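S.K.: My questions all concern the structure below.
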Amino acid sequence: MNISQQRDAVRPRARGTERSTARRAELITIGRKLFADTSYDALSMDDIARQAHVAKGLIYYYFQSKRGYYLAIIQDSVADLVTFAASGVEIQPVDRVHRTIDSYLRYAEHHQAAYRTIVSGGVGFDAEVHAIRDGVREAIVATLAEGAYGRTDIGPLARMGLLSWVCGVEGATLDWIDRPELPRDTMRELLVKTLGGALRAVEELDSGYPAPGPARRAD
């Protein structure tokens, strides 16, 4: 087979891979909405296929099982949220705190179904999904620690101070997207100020973690 023939053989496979990737992403988008409103146990594969307007076998083809489909949805949503919140690594640490909070709120505002699924695990309780959510919390804590202290290897008191703030933010953000009575800018500034209070409390208990000075508003 010459070089030209090799290229012609590769091109159909490449196009097929692109179509498969796009189809998989489309199914994940549909699944985010389904599992945000209905518990894992309440949805059968027949229900999912009917609401997604696809053959059940297609879901098995991409995800092997309902469980595989569900976890793929959660993991994809988690990757998006962490990427959004961790953006802005090129700016100063204190400004990055503002950017992190603003990006977090933007994600929740524009991807409400995915955010609810991440934070609450959909409707019902799922230990494995909650473990993924805990990983998100740790990723956000690390991002905040980098912004506030310039490092991620922080002690247990500083970590708990940031983690308690993150857990509070989850509940407040869920309420905010359900009842968006505050503009995002106001919500962001409120969360920035409450984070400042948490950081000052950490500093009072451990002087090795001084609270950063005032930061500029996020763009």
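S.K.: Does E138 meet the test of being part of a helix (DSSP H, G or I) and either surrounded by fewer than 18 Cβ atoms within 10 Å (Cβ to Cβ) or in contact with a helix residue (DSSP H, G or I) (Cβ under 7 Å, 6 or more places away or on another chain) (or both)? Walk me through it before giving the result.
M.R.: On the way: part of a helix (DSSP H, G or I): yes; either surrounded by fewer than 18 Cβ atoms within 10 Å (Cβ to Cβ) or in contact with a helix residue (DSSP H, G or I) (Cβ under 7 Å, 6 or more places away or on another chain) (or both): yes.
Against the criterion (part of a helix (DSSP H, G or I) and either surrounded by fewer than 18 Cβ atoms within 10 Å (Cβ to Cβ) or in contact with a helix residue (DSSP H, G or I) (Cβ under 7 Å, 6 or more places away or on another chain) (or both)), E138 qualifies.
S.K.: If you go through region 149-172 one residue at a time, how many are surrounded by 17 or more Cβ atoms within 10 Å (Cβ to Cβ) and either in contact with a Lys or Arg (Cβ under 9 Å, 6 or more places away or on another chain) or aromatic (F, W, Y) (or both)?
M.R.: 5
S.K.: Which of the following residues is without any contact (Cβ under 8 Å) to a residue 24 or more places away in the chain and at negative phi: G168, G196?
M.R.: Of the residues listed, the single one that is without any contact (Cβ under 8 Å) to a residue 24 or more places away in the chain and at negative phi is G196.
S.K.: Here is a check on your reading of the model: is T100 modelled with pLDDT under 85, among the hydroxyl-bearing types (S, T, Y), assigned by TED's automatic domain parsing to the domain that holds K193 and surrounded by fewer than 16 Cβ atoms within 10 Å (Cβ to Cβ)?
M.R.: no
S.K.: Check off (1) assigned to a loop (DSSP other than H, G, I, E, B); (2) farther than 20 Å from D102 by Cα; (3) without any contact (Cβ under 8 Å) to a residue 24 or more places away in the chain for L182 and give me the number that stays unchecked.
M.R.: Against the list (1) assigned to a loop (DSSP other than H, G, I, E, B); (2) farther than 20 Å from D102 by Cα; (3) without any contact (Cβ under 8 Å) to a residue 24 or more places away in the chain, L182 comes up short only on (2).
The values are calculated or read from the model by the stated rules, or taken from the named source; none is laboratory data. Computed from a prediction, not measured in an experiment: that's the story for all the values here. Please note: Cβ atoms are built from the backbone with ideal geometry, for glycine as well, and neighbour counts cover all protein chains shown.
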